[in-house]
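Enquirer: Before we start, here is the structure in question, set down as structure tokens.
The values are calculated or read from the model by the stated rules, or taken from the named source; none is laboratory data. Owing to the predicted nature of the structure, the values given are computational and were not obtained by experimental measurement. FYI the Cβ positions are ideal-geometry reconstructions off the backbone, even for glycines, and counts take in every protein chain you see.
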Amino acid sequence: MAYHTRSNSFPSRPHPIIQEVEEHLCRLSSFEATSKSSSSISNKLNGLQDLLHCVDRFLQLQGTQQALAEEKQEKWANELLDGSLWLLDICSTAKDALSQTKECMQDLQSIIRRKRGGEIGLTSEVRKYLSSRKMVKKSIHKAIGNLKEMKNRCRISSTNKDQETIAIVNKLRDVEAVTLTVFESVLSFISGPKSKPSGWSFVSNIVQSKRIACDEETTVNEFSEVDAALKSLKSAENAQNQLSDLESCIQDQEEGLQCLFRQLIKTRVSLLNILSQ
């Protein structure tokens, strides 16, 4: 997982909160980029919550507020505010994707448990779920494309500015970059691996190779498990275990994203208050 090089221009004895922010940044960057299990996603969400909590405390420091307020007319000030809004939008996209998937999943679970509508009703509900997943994936792929463009923003390095101000701004941009990377992991997990051209005859190959694939990657994607199970349309009742696992996975991620959304709002409000002084 690649991140921008971080500035070392803080004073020789930085405030403990600054050190704590750096520790959380390092901890998040140490997570394996290839790890895409639900547990690894939860760990990243929890780690990001801890980081953003420290960032809010960092923004309350008198030195931070003074440095940012003194040069609030600079281009980077608007970029920080724009970045905070983008992060909220991306977080909302992830939340909406989970909510839409959960709604269709619960309808499907209900018809399976009550066996309402017979085979025709079951088939219709499965197709509704798979159609919803297709829309979710389209929305996610668009969001990931926008996210990658956001990650290309440069850090400031002007020698005409106070070095401590530059260090503060770049530290906030480091936080933004890490947050984007975590959200990219979450969105990719919800979308699932890119599927190959499929048909009814191809589903059996997916099911047969699923165990081998899991052994090779040592990860399980609950969203993809349910997608593969339902595409066979042999018996959605056999997918109940996968649906139960997916329900638990969605619950965990929804809670994590909701906490992050509240924290991102708090951070944005802090930035707005500082830069409007």
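Enquirer: Can you spot a residue in segment 77-98 that is free of Cβ contacts under 8 Å to residues at least 40 places away in the same chain and over 28 Å from VAL226 (Cα atoms)?
Expert: Scanning segment 77-98, I find at least one residue that is free of Cβ contacts under 8 Å to residues at least 40 places away in the same chain and over 28 Å from VAL226 (Cα atoms), so the answer is yes.
Okay, residues lined up against (1) modelled with pLDDT under 85; (2) surrounded by 12 or more Cβ atoms within 10 Å (Cβ to Cβ); (3) not in a helix (DSSP H, G or I):
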position: PRO197; (1), (2), (3): yes, no, yes
position: PHE223; (1), (2), (3): no, yes, no
position: ALA239; (1), (2), (3): yes, yes, no
position: ASP245; (1), (2), (3): no, yes, no
